Each structure stands twice: as structure tokens, then as C-alpha cells.
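The values are calculated or read from the model by the stated rules, or taken from the named source; none is laboratory data. All figures in this text were calculated on a predicted structure; none of them were measured in a lab. Because the Cβ atoms are built from the backbone with ideal geometry, glycine has one as well, and the counts that use them run over all protein chains shown. Calculation scope for accessible area: heavy atoms of the full protein, side chains included, ligands and nucleic acids excluded. Shrake-Rupley method; radii C 1.70, N 1.55, O 1.52, S 1.80 Å.
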Protein chains: 2
Amino acid sequence: MSKNTRQREAIREVFERTTRPLGPKDVLAAAQRALPGLGIATVYRNLKLLEEEGSLKAVHLPGDVQLYERADQMHHHFFHCRRCNRYFDIQACPGDFDRLVPQGYKLEAHELMLSGLCDTCASSQSAKKD
Amino acid sequence: MSKNTRQREAIREVFERTTRPLGPKDVLAAAQRALPGLGIATVYRNLKLLEEEGSLKAVHLPGDVQLYERADQMHHHFFHCRRCNRYFDIQACPGDFDRLVPQGYKLEAHELMLSGLCDTCASSQSAKKD
DNA sequence: ATCTCTGCAAATGTTTTGCATCAGC
DNA sequence: GCTGATGCAAAACATTTGCAGAGAT
């Protein structure tokens with residue numbers, strides 16, 4: 001039912017060029033390099049559409065805005081540095097959370113967010129890039 | 001430096017009566033039962049203030065709004081039912097995530113969100129309270 | 001009396017929606 | 001040509017801020 005428009009294609013390509021999770025504003029800026037006339041409303045509409053069709057996955061970071069990443073990426077988590085405020089991928093996953101859920105509950109997914117200090121911020125007392 | 005106002009007290013009491021995480025709107029509605037004239041701006045200001053003073057903790061659920069809960073609650077996680085859209089407390093915690101973070105990183109905290117179907121929704125094919 | 005806090009309303013920022021037009025199929 | 005998609009602007013929300021007056025100490 002959905003048509004292939006240049007706009008949607010441009011947005012898709014933005015996500016093929018990065019593995020970082022992106023917000024609407026990021027996507028708009030990146031996609032406008034290929035398609036200057038692109039509007040923010042179209043970005044919102046397509047992010048939602050691409051998520052529903054399964055191409056994108058919503059990422060919930062403890063921030064304000066909703067971020068998205070490619071759905072075909074390996075299952076992973078994030079480490080948030082409270083000092084430099086950056087997010088790092090954590091490929092490892094402890095898995096096996098089934099024993100945590102009560103009898104009768106059906107566990108289907110999980111999200112894990114680790115936080116603290118990254119190596120740079122942990123070693124340097126001075127570095128600060130916030 | 002901070003004064004004890006009726007407004008702040010009313011907001012504090014809202015959190016003493018529940019263990020569920022609450023959003024600004026929830027807090028406003030609940031506190032207005034005791035203090036009808038209370039304004040939403042005051043709620044926002046006090047939620048932030050109470051978080052800074054350590055009485056409240058921000059909870060990051062995969063939604064839009066920022067929720068808060070009492071800081072003195074035991075460390076716990078949540079289970080989100082995608083069918084009835086409710087959040088359940090999970091008291092257990094797998095702990096020991098240190099081995100997941102790269103060399104040199106300092107792990108200080110973590111958040112875990114489990115999701116799937118709760119017992120009610122998992123057993124009944126019909127129940128739906130969205 | 002001082003100085004913080006409050007309520008209101010306006011400002012800001014984000015996301016959604018109505019609508020006329022455009023473009024895929 | 002039909003029908004979904006786009007861009008714009010307005011609307012709908014959520015959150016923050018300026019300010020004058022009220023209240024706590």
C-alpha cells in the first residue's frame with residue numbers, strides 16, 4: 001500500500017550510513033543534504049511508518065526525545081557516560097532474564113541501560129566535553 | 001535555603017501514598033485534591049527540586065513523559081505488558097553487570113526494562129484493557 | 001523584612017494534523 | 001486517474017521562564 005518516494009528513500013539511507021541511534025532532528029538534517037526541501041513532518045511520519053513496517057526500532061534513552069536505529073542491528077545495549085554524556089554500544093548481553101519474571105508472565109524483550117564513566121572520563125580528572 | 005510550603009508538602013505526600021512512578025500530570029491531579037489552586041509549573045519546579053535534593057528518582061520508561069518515584073524504594077526494575085500497557089515491579093535483579101563494560105569503564109548504575117505479556121493477558125485471549 | 005515560592009500567562013520546543021498539491025503506481 | 005505522500009502552517013501538547021505578589025522564616 002505504501003509508495004516508494006524519494007523522501008522515504010533518503011531517510012532510509014540515513015540509517016544505512018550509521019549505526020548510532022538518531023532523533024528526528026538528526027534525521028532531518030542528514031536527509032536534507034540529499035533532499036533540501038524535506039520537511040520535519042515528513043520525517044516524523046516516516047520514522048513512525050518505518051518502525052511499524054519493522055525497518056526501524058525505537059530506542060529509549062533516558063533523555064527527552066525518541067531515538068531510532070536500524071532494526072537489523074544485532075541485539076545490543078548502551079553505556080551512558082554521565083560525564084561526557086555520550087552513549088557507547090555494549091555488544092554483550094547477560095541474557096536469561098526469564099527467571100526474573102513472575103509465574104505466568106511471558107517475557108518477550110528487554111532493554112538494559114548501563115551508566116557511569118567511560119574510560120576517558122574515568123582516567124582523566126580534567127577532561128570534560130559537555 | 002529551601003522553604004517548606006504547603007505545595008511542596010502536598011507533592012511529597014502524593015509520593016508517600018504510592019509506590020508507582022508518577023508523571024507531572026498525575027502528581028498535579030493527586031495534589032490538587034488537597035490543594036485545588038496548585039499550578040502545573042509548581043509541580044515541575046518541585047519535581048526537579050525534589051529530585052536534586054534526593055527525595056525522588058527519575059524513572060525512564062519507554063514512553064514520552066518523565067516519571068518519578070520515591071528515592072527510598074529498594075532497587076528494582078519493571079515489567080511492561082504490551083497488551084494491557086501496565087507496568088509491574090520486578091524486585092529481583094540479575095546484578096553483576098561489571099563484566100559487560102569495557103576495560104577502564106566505571107559502571108555505577110543500570111536500568112533494566114523487561115517486556116512481554118503479564119499473566120492475565122498471557123492466559124486470556126480476550127481480556128483487553130488498553 | 002527578606003528572600004524564596006507560587007500562580008499565571010507567555011515563551012519555547014516537540015510532535016501531530018488539516019489541507020491543497022504533487023508524485024508513484 | 002486514483003490514492004497515498006509531501007510541505008506548509010496551524011494546532012496540540014509538554015515543559016520552561018518572567019514577573020508581580022504571597023508566604024515562610
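General observations
- Total residues in the range A:48-58 satisfying the condition of being part of a strand (DSSP E or B) and either over 13 Å from the mean Cα position of the chain (by Cα) or of a type in the set (A, V, I, L, M) (or both): the figure is 2.
Quick grid of which residues meet (1) closer than 23 Å to residue B:96 by Cβ; (2) surrounded by 12 or more Cβ atoms within 10 Å (Cβ to Cβ):
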| position | (1), (2) |
| --- | --- |
| A:18 | no, yes |
| A:21 | no, yes |
| A:36 | no, no |
| A:52 | no, no |
| A:93 | yes, yes |
| A:117 | yes, yes |
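- Restricting attention to the range A:59-75, the residues that are in contact (Cβ under 8 Å) with a residue 40 or more places away in the chain, within 10 Å of chain B (Cβ to nearest Cβ) and either in a strand (DSSP E or B) or within 14 Å of residue B:90 (Cβ to Cβ) (or both) total 0.
- Single condition residue A:88 does not satisfy, out of (1) in a loop (DSSP other than H, G, I, E, B); (2) surrounded by 14 or more Cβ atoms within 10 Å (Cβ to Cβ): (1)
- When we screen A:8, A:99, A:45 for residues that are in a helix (DSSP H, G or I) and more than 16 Å from DNA strand C (Cβ to nearest atom), the only hit is A:99.
- The number of residues in the range A:102-121 that are in a helix (DSSP H, G or I) and in contact (Cβ under 8 Å) with a residue 12 or more places away in the chain comes to 2.
- Looking at A:78, A:97, just one residue is aromatic (Phe, Trp, Tyr) and within 8 Å of chain B (Cβ to nearest Cβ), and that residue is A:97.
- Failed item, numbered, when residue B:80 is tested on (1) within 25 Å of residue A:108 (Cβ to Cβ); (2) modelled with pLDDT of 95 or more: (2)
- Output for the range A:19-41, where each listed residue is touching a residue at least 12 places away in the same chain (Cβ under 8 Å), in a loop (DSSP other than H, G, I, E, B) and out of contact with any Phe, Trp or Tyr (no Cβ under 7 Å at 6 or more places or on another chain): A:19, A:20, A:23, A:34, A:35, A:38
- Selected residue (criterion: nearest to residue B:50 (Cα to Cα)) from residues of the range B:7-16 that are near DNA strand D (Cβ under 10 Å from one of its atoms) and crowded, with 17+ Cβ neighbours inside 10 Å: B:8
- Filtered by the rule that a residue be among the aliphatic types (A, V, I, L, M) and under 11 Å from residue A:27 (Cβ atoms), the range A:39-64 gives A:40, A:43, A:47, A:50, A:56.
- Looking at A:41, A:31, A:58, just one residue is within 14 Å of DNA strand D (Cβ to nearest atom) and open to solvent by less than 30 Å² (accessible area, probe 1.4 Å), and that residue is A:31.
- Where residue B:123 falls short, out of the listed (1) more than 22 Å from the chain's Cα centre (by Cα); (2) of a type in the set (Ser, Thr, Tyr); (3) open to solvent by less than 50 Å² (accessible area, probe 1.4 Å): (3)
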